1. So what is the relative contact order of the chain, in percent, for Cα pairs below 8 Å that sit 6 or more residues apart?
2. Under 12 Å from the Cβ of Phe344, count the other residues' Cβ atoms, weight Lys and Arg +1, Asp and Glu -1, and hand me the total.
3. Based on Cα positions only, what radius of gyration and what Dmax would you give for the range 128-277, in angstroms?
4. A 27 angstrom limit on the alpha carbon distance is what I want to check against. Which of Lys98/Lys121; Lys236/Lys319; Lys159/Lys185; Lys229/Lys330; Lys185/Lys330; Lys240/Lys341 exceed it?
5. If you restrict to DSSP beta bridges whose two residues both lie in the chain, what percentage is antiparallel, to the nearest 5?
6. Over the Cα atoms of the range 265-350, what Rg and Dmax result, in angstrom?
7. Can you give me the C-alpha center-to-center distance between the range 293-350 and the range 182-260, rounded to a whole angstrom?
8. Report, in debye and to the nearest 20, how large the dipole of the chain comes out about its Cα centre when Lys and Arg carry +1 and Asp and Glu carry -1 on their Cβ.
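Just so it is clear, none of the values below were taken in a lab; they were calculated from the coordinates. This is a predicted model, so every value here is computed, not measured. Reconstructed Cβ throughout: ideal geometry from the backbone, glycine too, with neighbour counts over all protein chains shown.
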Amino acid sequence: MNYLRALRAGRYAALTLLTSVAFGTVAQAAGEVNVYSYRQPYLIKPLLKSFTDKTGIKANVIYAKKGLIERIATEGKNSPADVLLTVDIGRLSGAVTKGISQSVSSATLNKNIPAAYRDPKGNWFGLTRRSRVVYASRARVAQNAITYEELADPKWKGKICIRSGQHAYNVALIASMIAHNGEAKTLKWLEGLKANLSQKPAGNDRAQVKGVYSGTCDIAIGNTYYMAKMQTNEKKPVQKEWAKSVKMLFPNTQGRGAHINISGVVLAKYAPHKDNGVKLMEFLSSVEAQKIYAKVNHEYPVTDGVAWSDLVKSWGTFKADPISLEKIAKLRKKASMMVDKVRFNDGPSS
Ligand SMILES: [Fe+2]
């Protein structure tokens, strides 16, 4: 395994190197599955432990923040990767575009995962859901309902905080606007939203909520699970204050419902332990694993009938936009081009 490549994997470089060595010696052995994960150890470890306890199949993992799809592509037929775990429809569909996935036909996956959250061709499967919502100031925003369309209303001028328009979470949201409202209306909408920004898009989702807390803006756009990450943040308790300063509004509750994105899984094209890879995928879609996802990361289960975590419940119920994520994937490129066209990331004054 290439040492420099392992170093380039960044934050998890040491772990990557260690695990790579392990892969080199045992990858062909029976009873194993090799996982490449963009998702973090605190979430994936309990899931894999549960899988191993249940099946006896040992799970080897490489964690990284970047470059796993490229790495699998570079490794080609020699790649030890069986499954790739990642977030966002952009990355899932990107894995297919890069040619590193293979189609899976599994009655269990098709039964557990609603059709809207899996690739009709079986190249990717959603495992958890998150919504992209409005975090509104408790002190300064009176209304308790909102639509995405309304974010372009001049009444919000100078009042909205959002991260880069090119971030995958926003690209998917804009793609969903194109799907529902068409290109022309979405372009106008994006120009209106840009005009309402309080500052240049920068920082992550939580930084936008901090903006509401500190008075920079009245509204922030962010994914739902960040509320839990702030509400339970013992390392940085100030984030609990950020969370207290906002209420979560699920947009378009009276209409099509709030935009949904997914985390998910792909079976690698040259998976050396294909059967075990599929078994792991099926396990991750099971009620048992869905409960762990819900509890550990406060995401919405992708399967019906699995209880939400208490924190997630406290944010209230909502209507989810039923549009298929495959449609969103197809419109991502248009959405991204639109972000550039309106020079969204230049902020409100340009
Ligand atoms: Fe995130």
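1. Values: 679 pairs, mean separation 91.2, N = 350.
Relative contact order of the chain: 26 percent.
2. Numbers: positive: Arg163, Lys194, Lys200, Lys341, Arg343; negative: Glu191, Asp340, Asp346.
Net charge around Phe344: +2.
3. Values for the range 128-277 (Cα only, Rg and Dmax): 16.9, 56 Å.
4. Lys236/Lys319; Lys229/Lys330; Lys240/Lys341
5. 65
6. Every Cα atom of the range 265-350 included, Rg and Dmax give 18.6, 55 Å.
7. 12
8. Its charge dipole is roughly 620 debye.
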